[in-house]
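Dumping the structure here so I can ask a few things about it.
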There are 2 protein chains.
Amino acid sequence: MARPRTFDEDAILDRAMLLFWRKGYEATAMSDLVEELGLGRGSIYAAFGDKHQLFVRALSRYLGRQDTLLTTAFDADGPALAQLRDVLDRLLAADAACGNAGCFSVNSIAELLPRDEDVARLAQRSLRVAEEAFTRQLERAAQDGELSATVTPDAAARLLLTVIQGIQIVRKVDPDPARAAVALDSVFALLSKEPAELMPDPA
Amino acid sequence: MARPRTFDEDAILDRAMLLFWRKGYEATAMSDLVEELGLGRGSIYAAFGDKHQLFVRALSRYLGRQDTLLTTAFDADGPALAQLRDVLDRLLAADAACGNAGCFSVNSIAELLPRDEDVARLAQRSLRVAEEAFTRQLERAAQDGELSATVTPDAAARLLLTVIQGIQIVRKVDPDPARAAVALDSVFALLSKEPAELMPDPA
DNA sequence: CATTTACTTGACCGCTCGTTCCAGAACGCG
DNA sequence: CGCGTTCTGGAACGAGCGGTCAAGTAAATG
């Protein structure tokens, strides 16, 4: 019964996300947001509360997309490890979209934890979701005999989670995608059950 | 021929380091530093230039210690992989000194790269030093037959570097040291050439 | 078409930021 | 024992911060 919003809240959140992603929380000023979002200060405060709430919603949106990718990308067809590797590559590729800014989640964890409890909760949930998705896929890999017997699916999931986060850091220092891929290549090579070709004396 | 400094510059840098480590660059105000360092504003500016230079010197000091550990801790005695694992444990333990604040270097990379060129240079140097130290030690491991043939020393070094950085992130979200160790345990288990597990070996 | 309601805008607020500056204290030297 | 020099601490500064508010505007309703 009154004037409706003239902007799309989700679109605005996406733009805010990109800004926070590139600059971090503290280094992003409200004046930057006003400029980037194309909204008046008042509209932003009316719609999102304050800077911190806006940040949390932007981060939440980012993490939601990651969660969606991880919980929908796996199916029971095809080689489990190859499928997992493909998802991780896509995840890393998505984070390369914001020119050398790394991963919004990793950046936020490093900048704001352990002080910011809201961000801490979001990060905990997101890492748990990822780890569980990895674990399920690795359990299937183990059942199919793809996974090295040296590690359990649990431990391998934890390792993969750690490697992904690590790549996001190393990549900010050395953006060469080929060198970034080395860590993933290595860990997958190690996780795979080696075929007999490398064994010198089978019988 | 005049009044000498009444404070120890290195001790002041250490305290500044701890503050930047805990709070990050942007969230640390000069007033925080004045309070924490016990120096007047004027003295800080006279001694270090400005906030950014002070930060760079504090980070440089932190990285220098890491570099020293990595370039002095290895010797040619004893099992190479075990020695490497021990050094990494000490490195992680050192970073646990600043209560759940993670690793100063990782935090700084995530917050300030790719914008801050000074920090970028420091980080590049430090990661290169670490990677080379890992590589040398892993080459020795390979020569001694400790290293899995699945990976080259180069690739394994890159993987280890990545895992270390990743642990620093994951740890800020989930500080449980046991869970943090899982990733390291797994990667070392995978990197080791399995000698005995599958064949009964009398001890 | 008048009224109502919510949204939009940008001027504005108090505060805190990083930085500068200066008056006085402290020390080495002739 | 002053004199010159440097260090010290804190007052003060302009700029920019996050956040507020009132006036103007546009849509929906009867």
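Counting only other chains, and only Cβ atoms inside 10 Å, what mean value do you get across the residues of B:148-154? If you can, show how the numbers build up before the last one.
Values: counts 6, 4, 8, 6, 2, 0, 2.
Mean partner shielding for this stretch: 4.
Determine the shielding of peptide B:93-106 by partner chains: average, over its residues, the number of Cβ atoms on other chains within 10 angstrom of each Cβ.
Numbers: counts 0, 0, 0, 0, 0, 0, 1, 3, 4, 4, 2, 0, 2, 8.
What the average comes to for B:93-106 is 2.
From the label point of A:Gly99, set 7 Å along Cα to the beta carbon, how far off in nm is each other copy's matching point, shortest first?
Copy-to-copy label distances for A:Gly99: 4.1 nm.
A follow-up question, please. Give me a single rounded figure for B:107-117: the average over its residues of other chain Cβ atoms within 10 Å of their Cβ.
Values: counts 6, 2, 10, 13, 10, 4, 9, 9, 6, 0, 0.
Per residue, the number of nearby Cβ atoms from other chains is 6 on average.
What are the residues of region A:157-175 that lose 20 Å² or more of accessible area, with a 1.4 Å probe, going from their chain alone to all protein chains?
Residues shielded by partner chains are A:Arg158, A:Leu159, A:Thr162, A:Val163, A:Gln165, A:Gly166, A:Ile169, A:Val170, A:Lys172, A:Val173.
I've got another one for you. If you wrap a convex hull around the Cα atoms of region B:60-191, how much volume per residue is inside, in Å³? Could you put the intermediate results ahead of the total?
Working: hull volume 13.4 nm³, N = 132.
Normalising the Cα hull of region B:60-191 by residue number yields 101 Å³.
Quick check: the distance between the Cα centres of region B:133-171 and region B:53-119, to the nearest angstrom?
16 Å
Another question, if that's okay. Give the A-B buried accessible area in Å², both sides summed, 1.4 Å probe, nearest 100. Could you put the intermediate results ahead of the total?
Details: alone 11280 and 11360 Å², together 18760 Å².
Separately minus together, A and B give about 3900 Å² buried.
Name the lysines eligible as straight-distance cross-link partners of A:Lys193: C-alpha to C-alpha under 26 Å, and not fewer than 8 places from it in the same chain.
B:Lys193
Once the Cβ-Cβ distance between B:Asp185 and B:Asp10 is put in as r, and R0 is 35 Å, what FRET efficiency do you end up with, to the nearest 0.05?
On the way: r = 36 Å, r/R0 = 1.04.
The computed FRET efficiency comes out at 0.45.
With the label 7 angstrom out along Cα to Cβ, how close does A:Arg115 come to the same site in each of the other copies, in nm, nearest first?
Spelled out, the distances from A:Arg115's label point are 1.5 nm.
Let me spell out the model: positive unit charges on the Cβ of Lys and Arg, negative unit charges on the Cβ of Asp and Glu, origin at the Cα centre of region A:62-194. What dipole size does that give, in debye rounded to 20?
On the way: 14 positive and 20 negative charges, 46 e Å.
Roughly 220 debye for region A:62-194.
Let me ask you something else. For region B:112-164, which trypsin sites (Lys or Arg not before Pro) are both in a DSSP coil and crowded by at most 16 other Cβ atoms within 10 Å?
B:Arg115
Something else about it: Below 13 angstrom from the Cβ of B:Met30, what's the summed charge of the other residues (Lys, Arg +1; Asp, Glu -1)? Before the final figure, lay out the partial values.
Values: positive: B:Lys23, B:Arg41, B:Lys51; negative: B:Glu26, B:Asp32, B:Glu35, B:Glu36, B:Asp50.
Around B:Met30, the surrounding residues sum to -2.
Name the long-range amide H neighbours of B:Leu147: under 5 Å, sequence gap of 5 or more, or other chain; modelled H, no Pro or chain starts.
HN-HN under 5 Å from B:Leu147: B:Ala142, B:Lys193.
Also, I was wondering about something else. Using the heavy atoms of the protein chains and a 1.4 angstrom probe, tell me the accessible area per residue for chain A in square angstrom. Don't skip to the answer; put the middle values down first.
Working: 9340 Å² over 203 residues.
For chain A, the solvent-accessible area averages 46 Å² per residue.
I've got another one for you. Distances in nm, one decimal, shortest first, from B:Tyr45 to the same residue in every other copy, taking the label point 7 angstrom along Cα→Cβ.
3.1
Now, a different point. If the reach is capped at under 18 angstrom between alpha carbons, list the lysines near A:Lys23, excluding any in the same chain fewer than eight residues apart.
Those lysines meeting the cut-off are A:Lys51, A:Lys172, B:Lys23.
Could you state the angle between the C-alpha long axis of helix B:51-72 and the longest principal axis of the C-alpha atoms of chain B, as a value from 0 to 90 degrees rounded to the nearest 10?
The answer is roughly 30 degrees.
The values are calculated or read from the model by the stated rules, or taken from the named source; none is laboratory data. Predicted, not measured: the structure shown is a model, and the values here were computed from it. Glycine also receives a Cβ, built like all others from the backbone with ideal geometry; neighbour counts cover every protein chain displayed. Accessible surface is based on the protein model in full, side chains and every heavy atom, while ligands, DNA and RNA are left aside. Shrake-Rupley method; radii C 1.70, N 1.55, O 1.52, S 1.80 Å.
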